[in-house]
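Inspection log for the structure reproduced underneath, given as structure tokens.
The numbers here are math on the coordinates, done by the rules we state, and not lab data. Keep in mind the model is a prediction, meaning the values are calculated, not measured. Here Cβ is always computed from backbone atoms with ideal geometry, including for glycine, and neighbour counts include all displayed protein chains.
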């Protein structure tokens with residue numbers, strides 16, 4: 001882990017100016033942007049999680065830790081690589097109302 005404002009060094013001792021975020025999701029929705037992307041050191045990046053029709057967000061994991069299901073997540077002041085992943089669940093169909101009578 002690094003302190004705020006401290007740049008990471010690679011194995012050759014060069015200072016890193018780019019941070020990698022890997023985003024993924026399962027069947028039932030999307031995460032945007034997706035795949036692996038590179039963001040400048042110290043910058044921020046927002047991700048939007050959107051379920052398909054008939055699905056809802058089941059879980060969001062950031063760096064392997066489950067957080068509340070949210071439809072947006074912002075990484076701020078990036079100083080190290082991160083991962084974000086989303087899982088979705090199919091909504092149960094509405095139960096028909098029985099007539100009263």
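Quick notes on this structure:
- Sorted largest first, extent of region 51-101 alpha carbons per principal axis (Å): 65, 17, 15
- The share of Cα pairs per 10 Å bin across region 23-90, counted from zero up to the longest distance, runs 21, 55, 20, 4 percent.
- Modelled label positions at residue 74 and residue 89, each set 7 Å beyond Cα in the direction of Cβ, lie 2.9 nm from each other.
- Between region 62-101 and region 32-59, the C-alpha centres lie 11 angstrom from each other.
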